[in-house]
Amino acid sequence: QVQLVESGGGLVQAGGSLRLSCAVSGSRVSINAMGWYRQAPGKKRELVARISSGGVTNYADSVKGRFTISRDNAKNTVYLQMNSLKPEDTAVYYCTTSRVGRDYWGQGTQVTVSS
């Protein structure tokens with residue numbers, strides 16, 4: 001069974017930084033694509049960043065140059081380093097992966113950026 005557990009969210013002032021972690025069990029981050037999504041109140045869930053099995057990364061235009069997705073294969077964990085945070089980054093952030101044609105999601109971690 002695949003499980004994803006996010007952590008690292010919190011309250012931060014605009015311009016600050018946070019690092020989110022996604023600990024994965026039942027799937028290997030080194031061979032499966034991993035992604036971070038976010039959902040703000042009243043808005044659709046949107047892709048923030050993605051890392052392929054080959055290590056290729058993609059970012060939403062709104063976070064390019066500020067966020068970095070990475071993975072630690074030994075810890076089977078994916079990270080999202082978020083710098084220069086803005087109030088509009090406030091959302092619940094979710095980690096996701098796919099395995100055998102099924103999508104798996106974590107429970108989410110709240111990020112709140114105050115102005």
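The values are calculated or read from the model by the stated rules, or taken from the named source; none is laboratory data. Just so we're clear, the structure is a prediction, and the values are computed from it rather than from any experiment. With ideal geometry, Cβ positions are generated from the backbone for all residues, glycine too; neighbour counts draw on all protein chains shown. When the accessible area is computed, the model is the full protein with side chains, heavy atoms only, and any ligands, DNA or RNA have been set aside. Shrake-Rupley method; radii C 1.70, N 1.55, O 1.52, S 1.80 Å.
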Write out, first by first residue and then by second, each pair whose Cβ atoms fall under 7 Å of each other, whose residues are 6+ apart or on separate chains, and whose first residue, in the range 89-100, is more than 9 Å from Gly35 (Cβ to Cβ) while the second is part of a loop (DSSP other than H, G, I, E, B) and basic (Lys, Arg).
-> none
Limited to the range 68-87, what total is found for residues that are of a type outside the set (A, V, I, L, M) and in a strand (DSSP E or B)?
-> 7
Within the range 30-46, identify whether any single residue is assigned to a strand (DSSP E or B), over 12 Å from the mean Cα position of the chain (by Cα) and farther than 24 Å from Lys86 by Cα, and answer yes or no.
-> no
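Go through the range 1-18 and report how many residues are open to solvent by 50 Å² or more (accessible area, probe 1.4 Å), more than 12 Å from Val111 (Cα to Cα) and part of a loop (DSSP other than H, G, I, E, B).
In the first step, residues of the range 1-18 are kept if they are open to solvent by 50 Å² or more (accessible area, probe 1.4 Å); the result is 1, 3, 5, 7, 11, 13-15, 17.
If we keep only those that are more than 12 Å from Val111 (Cα to Cα) too, we end up with 1, 3, 5, 15.
Now restrict to residues that are part of a loop (DSSP other than H, G, I, E, B): 1, 15.
Result for the range 1-18: 2.
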Looking at the range 71-80, is at least one residue open to solvent by less than 60 Å² (accessible area, probe 1.4 Å), free of Cβ contacts under 8 Å to residues at least 60 places away in the same chain, touching a Leu at 6+ places or on another chain (Cβ under 8 Å) and among the aromatic types (Phe, Trp, Tyr)?
-> no
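Could you pull out the residue among Ser21, Ser27, Ser84 that is surrounded by 12 or more Cβ atoms within 10 Å (Cβ to Cβ), in contact (Cβ under 8 Å) with a residue 12 or more places away in the chain and more than 20 Å from Gln110 (Cα to Cα)?
Going through Ser21, Ser27, Ser84 in turn, just one is surrounded by 12 or more Cβ atoms within 10 Å (Cβ to Cβ), in contact (Cβ under 8 Å) with a residue 12 or more places away in the chain and more than 20 Å from Gln110 (Cα to Cα): Ser27.
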Which residues, taken from the range 50-67, are of a type in the set (Ser, Thr, Tyr), surrounded by fewer than 17 Cβ atoms within 10 Å (Cβ to Cβ) and either in contact with a helix residue (DSSP H, G or I) (Cβ under 9 Å, 6 or more places away or on another chain) or part of a strand (DSSP E or B) (or both)?
-> Thr57, Ser62
